[in-house]
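Structure record follows, encoded as structure tokens.
The values are calculated or read from the model by the stated rules, or taken from the named source; none is laboratory data. No experiment lies behind these values; they were computed from the predicted model shown. Cβ placement follows ideal geometry from the backbone for every residue including glycine, while neighbour counts extend to all protein chains displayed. Accessible surface areas use protein heavy atoms only, side chains included; no ligands, DNA or RNA. Shrake-Rupley method; radii C 1.70, N 1.55, O 1.52, S 1.80 Å.
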Amino acid sequence: MNSDLKDMDSIGVSTTGWHFDNTYAQLPSAFYRSQNAALVREPRMAVFNHALAESLGLDAKRLAEDNGKFIFSGNDAPIGSEPLAQAYAGHQFGNFTMLGDGRALLLGEHIAPDGARFDIQLKGSGQTPYSRRGDGRAALGPMLREYLISEAMHALGIPTTRSLAVVTTGEPVMRDAVLPGAVLTRVASSHIRVGTFQFAYAIDDAAALKALADYTIHRHYPALAVAENPYLAFLNAVIDRQAALVAKWMQIGFIHGVMNTDNMAISGETIDYGPCAFMDAYDPATVFSSIDQQGRYAFGNQPPIAQWNLARLAETLLPLLHADIDQSLALAEDAIQSYPQKYEHYWLTGMRAKLGLLDEAAEDVGLVNELLACMLKHGMDYTNTFRELATEHPIHSDESDMQAWLARWQSRLNSQSASREAAIAAMRSANPAVIPRNHLVEAALTAAVEDNDLAPFEKLLAVLASPFEETPENVDYRAPAPPSRWPYQTFCGT
Ligand code: AMP
Ligand code: MG
């Protein structure tokens, strides 16, 4: 055991501000297994999120300086935590499997000073009863990647889990190569997934399913508890939040990469950053993940895949929707059928803002789709094209279709009562100047993992914290990737 560990009692963890209240552990026992984290040899803080720690009411200074590396490696459990691995199931690339936290532990729910409840989860903290053949570990690169992208998503205004810390373990993990091990501390409004409901349904325990549904409604949609049919209201609310979430992904060019049902959170937060990446040139067929051979989770497939996943959720709720199964099926069917309309609404609302359209006209859908068609045809950069539209001087293009589109857009802008300044302001807050460009993410992770140099990572993280600003410091971060001989590929890293 590490000698540093002995100091923990004298440091005293309770004064760092943890306030745990572990309601998930009150669910029927099938939903989890108690499990402690594996001790790691030499924990070292690689990245720590001061601002997030402070907003959670934690003593950021203490955690950063000495205490945190023990807590965030799993070597010491914060007072009041009851570590457990959560059970869940999921459709992975369409195939149903019983899963569970194979390399993660829920430490418990921390209550922030404002009363908000957050799951604190360690990822890469060792084996659990759900590890199957896995080692329960995580490598530094993928954990830094989740930290970076999740924090970037947060700054972009997209609901997401957050990242509090990455600690290196001083132990190797064996993948294709020997890699440095690390543990990520993830903060989420909960880790209840579509797959958690699939698990409850699969174990064929009506009481457990009802307990999970009631718990989730109480935790995430408390107003619905008094609805005429709370379970139907719950299904509709989850559908609504997912429609809103995926619309945001589409507006920003985000590709999740592995939209399995176990990676879809009931809260409506983006969760499980594996082979995710941002699209450069607009193309709905874009796939980065090396394991997504069929393009199931391609950029343009994300909206219908979300609906497919929501249908899997609806199936699990059938026993609760109505006493009569035919009525249940009809209610579930109606709810799922409402998704495309909800999605289109959120998508168009967001796309209007991206084009500076502050009122609504019937031609807007066509206007957006024509721009996307031009972008696809000419291989235009998704992020920068929208950002360039938000300049004081109308942009130029040599392409006749783009010229025609710009003229049409200008006349649409002139037709609205809002001023040009108001339109530009709306566009500048909807169209980011900086996103986590793949080549920059790779360079930052390579420096961190291969050269033990976190400076590029910290710099990129800082730039991504203000994505809607154009500053002299972020000029280089706004340029598209230099031409490359190979298409960009991401890996699960598990
Ligand atoms: P993911 O692709 O990260 O969403 O993980 C899918 C499933 O595989 C989850 O049940 C994980 O807990 C499990 N898993 C991923 N990596 C490992 C690992 N190294 N050891 C054990 N289980 C793992
Ligand atoms: Mg997952």
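Laid out as a table, the results:
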read-out: Cβ-defined net charge surrounding His439, 12 Å radius [Lys, Arg +1; Asp, Glu -1]; value: -2
read-out: At R0 = 35 Å, FRET efficiency that the Cβ-Cβ distance of Leu39 and Ala455 yields, to 0.05; value: 0.70
read-out: Residue-normalised accessible area of the stretch 438-477, expressed per residue, 1.4 Å probe, Å²; value: 53
read-out: Label-zone membership for the stretch 398-423, site Glu392, 7 angstrom Cα→C-beta point, backbone N under 17 Å; value: 419-423
read-out: Accessible surface of the stretch 227-374, 1.4 Å probe, proportion on carbon and sulfur as whole %; value: 53
read-out: Phi-based couplings in Hz for the stretch 62-69 (Karplus 6.51, -1.76, 1.60; Gly and Pro marked x); value: 4, 4, 5, 7, 9, 6, x, 5
read-out: Prolate/oblate/rounded label for the stretch 126-261 (Cα gyration tensor, a/c 1.5); value: oblate
read-out: Mean ellipticity per residue at 222 nm, deg cm²/dmol - from DSSP H runs of n ≥ 4 across the chain, formula -39500 (n - 2.57); value: -12500 deg cm²/dmol
read-out: Nearest-20 debye value, the chain charge dipole, Cβ charges on Lys, Arg, Asp, Glu; value: 500
read-out: Carbon + sulfur, % of accessible area of the stretch 3-191 - ligands and nucleic acids excluded, 1.4 Å; value: 49
read-out: Spin-label pair Gln327/Leu376, simplified geometry with 7 Å Cα→Cβ offset, distance in nm; value: 4.4
read-out: Kirkwood-type radius of the stretch 355-430, with distances r between different C-alpha atoms, in Å; value: 12.7
read-out: Estimated inter-spin distance, Arg117 and Asn369, nm [label 7 Å along Cα→Cβ]; value: 4.4
read-out: Gain upon complete extension [Ala404, Asp359; 0.36 nm per residue less C-alpha separation]; value: 14.0 nm
read-out: Segment Glu344-Asp214, length gained on full extension (0.36 nm per residue, minus Cα span); value: 43.8 nm
read-out: The chain: DSSP helices with Cα axial extent of at least 30 Å and average Kyte-Doolittle hydropathy no lower than 0.5; value: 230-252
read-out: Segment Thr15-Gln416, length gained on full extension (0.36 nm per residue, minus Cα span); value: 138.7 nm
read-out: P(r) tail fraction, the stretch 38-80 - alpha-carbon pairs more than 16 Å apart, %; value: 34
read-out: Positive dipole terminus of the stretch 355-430, leading residue within Gly356, Ser415, Trp405 (C-beta point charges); value: Gly356
read-out: Links that overshoot a 31 Å alpha carbon limit, given the list Lys342/Lys459; Lys248/Lys459; Lys69/Lys354; value: Lys342/Lys459; Lys69/Lys354
read-out: FRET efficiency estimate (nearest 0.05) - Cβ-Cβ, Asp66 to Thr471, R0 25 angstrom; value: 0.15
read-out: Loop chymotrypsin sites (Phe, Trp or Tyr not before Pro), the stretch 12-90, which have at most 14 other Cβ atoms in a 10 Å radius of their Cβ (DSSP); value: none
read-out: Highest average packing first - 306-318, 204-216, Cβ atoms within 10 Å; value: 306-318, 204-216
read-out: Peptides ranked, highest mean first, by Cβ atoms within 10 Å: ranges 147-155, 77-85; value: 147-155, 77-85
read-out: Label-to-label distance, nm, for residues given as Tyr488 and Met98 (7 Å Cα→Cβ offset); value: 4.0
read-out: Charged-residue dipole, Cβ positions (Lys, Arg, Asp, Glu), the stretch 438-477 about Cα centre, Debye nearest 20; value: 80
read-out: Probe 1.4 Å, accessible area per residue of the stretch 3-191, Å²; value: 38
read-out: Of Ala25, Tyr221, Pro172, farthest towards positive along the dipole that unit charges on Lys, Arg, Asp, Glu beta carbons give the chain; value: Pro172
read-out: Lys, Arg +1 and Asp, Glu -1 on Cβ, resulting dipole of the stretch 105-217 about Cα centre, debye, nearest 20; value: 220
read-out: Per-residue SASA entry for Ile395, accessible area with 1.4 Å probe, Å² rounded to 10; value: 40
read-out: Where only alpha carbons of the stretch 61-181 are counted, the Rg and the Dmax (Å); value: 15.4, 45
read-out: Expected-Rg normalisation [2.2 N^0.38 Å, Cα atoms] applied to the chain; value: 1.00
read-out: Ranked by how many other beta carbons lie within 10 Å on average, peptides 140-146, 410-416 from highest; value: 140-146, 410-416
